[in-house]
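Encoded as structure tokens, the structure appears first; notes follow it.
Any read-out appearing in this document is the output of simple, stated calculations on the displayed coordinates, not a laboratory observation. Every value quoted in this text rests on a predicted model; they were computed, and no experiment measured them. So basically every Cβ, Gly included, is an ideal-geometry build from the backbone, and we count neighbours across all protein chains shown.
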Amino acid sequence: MHLVTSTKELSHAIGSVARSAGYTTTFYASPAQAENWVESQSLVVIRSEQAVLILRREKKFHRLYHVARDATALANALAALPEAVPEATIVADVIGTLDIIRPVVGAYTENAFTQYKRLSRMYRLKQRLEGFAGQDAEVVCAAPMDVELIQAFLDSHLDPLFEQIPSLSQLNDAISSGSLLVTRQSADLTGVLIFNTIGLTTTLRYWHVSHRQRNRGVGARLMREFLRRCESSARILLWVISDNADAISKYRHYGFQEDVLVDDIVVRQMWMPTP
Amino acid sequence: MKKVLDILSSIRPEFDFSVSDDYLADGMLDSFDMITLVSDLDKAFSVSIEGADILPENFRNLAAIQLLLRKYGVDT
């Protein structure tokens with residue numbers, strides 16, 4: 001196990017894994033993201049003959065990515081994990097279609113990981129004649145001075161094991177690009193919606209309403225304003241907890257439908273998070 | 001070339017891949033699509049694209065994909 005000191009080293013490690021019919025990877029980081037992680041010295045690599053495990057240190061746990069020739073090679077590599085990082089809580093996301101991820105998730109659960117959550121991807125294609133009304137004055141873009149309040153709001157609503165809590169830097173980027181919407185009641189935040197647009201595709205990353213403001217139309221206002229602002233996007237994506245029928249129903253109401261991709265979050269937990 | 005375009009359209013039918021120079025920057029392909037694309041290219045052209053070649057720049061546009069396939073002896 002060793003610290004990754006360059007993106008070239010990371011690419012070389014990943015490239016050393018030969019492909020086969022069962023080739024599997026969960027390392028989908030963009031080059032910019034990988035460079036950021038390398039610079040912050042938060043990546044370590046564990047290499048075995050036919051697999052590479054990449055561990056990224058987060059605040060309270062490690063996030064694990066893999067590149068493996070097949071599920072068997074992955075299972076063998078995971079079997080060596082307890083020796084490498086005996087004390088850590090480790091989280092992995094296995095993304096793909098159900099038939100493809102089944103053996104991969106099996107490799108994790110054979111090695112002391114448990115299935116924690118399943119997320120389903122939903123999508124919405126550009127609709128004709130949306131007929132949106134004008135901008136909702138109650139839904140505004142967040143300002144830079146809101147950033148810590150927003151992070152505190154998200155901290156109180158998100159489960160860090162499967163919802164990647166954005167850093168202050170990421171929140172500032174979202175604010176600068178006008179992709180962080182908020183609603184307020186006096187000085188308090190009542191709702192937050194964050195999205196990210198790359199070209200023709202927008203991803204809805206977070207859509208949360210404070211517990212006290214639920215069922216008062218706050219979420220609907222945020223969503224309608226978001227869809228109005230993304231009217232030119234050809235495709236909008238989001239991830240939803242697979243067994244959250246209420247959330248799925250809401251998204252269907254707004255024209256989203258289920259994609260074939262799922263994300264199984266598996267955890268090797270050495271501590272219990274406080275509820 | 002048509003075969004590659006057909007494969008791209010089968011993955012993302014909502015986009016016209018013949019008009020973009022950068023599928024990733026234009027949000028037409030994401031990382032998960034790339035993995036599907038590699039698998040579909042392998043099957044369609046009877047090749048096995050190595051992990052070291054699964055890089056965003058090799059799937060950025062039609063020309064890049066054709067160049068990659070040429071490396072594996074495929075003339076599209």
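Charges were assigned to the Cβ only: +1 to each Lys and Arg, -1 to each Asp and Glu. The resulting dipole of the stretch B:1-70 about its Cα centre is roughly 300 debye. Placing +1 on each Lys and Arg Cβ and -1 on each Asp and Glu Cβ, with no other charges, gives the stretch A:82-165 a dipole about its Cα centre of roughly 620 debye.
Peptide B:16-25 is shielded by partner chain Cβ atoms: per residue, an average of 1 of them sit within 10 Å of its Cβ. When you filter the GluC sites (Glu not before Pro) in the stretch A:26-119 for DSSP loop state and at most 15 other Cβ atoms inside 10 Å of their Cβ, you are left with A:49, A:58, A:87, A:110.
Across peptide B:50-56, the mean count of Cβ atoms from other chains lying within 10 Å of each residue's own Cβ comes to 6.
Checking the Cα-Cα distances for A:117/B:43; B:2/B:71; A:126/B:43; B:2/B:43; A:8/A:60 against a 23 Å cut-off, the pairs over it are A:117/B:43; A:126/B:43; A:8/A:60.
Over the residues of chain B, the helix contribution to mean residue ellipticity at 222 nm works out to -14000 deg cm²/dmol, using -39500 (n - 2.57) for each DSSP H run of at least 4. Residue order for B:43, B:71, fewest other beta carbons within 10 angstrom first, comes to B:43, B:71. Of all the stretches in chain A, which is the longest one without any exposed loop site, taking trypsin sites (Lys or Arg not before Pro) in a DSSP loop (any state but H, G, I, E, B) with at most 16 other Cβ atoms within 10 Å? For trypsin sites (Lys or Arg not before Pro) (loop position, at most 16 other Cβ atoms within 10 Å), the longest site-free span of chain A is A:129-213.
When A:108, B:72, A:251 are arranged by Cβ crowding within 10 Å, least crowded first, meaning fewest neighbours, the order is B:72, A:251, A:108. From its DSSP helices (H runs of at least four residues, each -39,500 (n - 2.57)), chain A gives a residue-normalised ellipticity at 222 nm of -8500 deg cm²/dmol. Taking Cα centre as origin and charging only the Cβ of basic (Lys, Arg, +1) and acidic (Asp, Glu, -1) residues, the dipole magnitude of the protein assembly as shown rounds to 560 debye.
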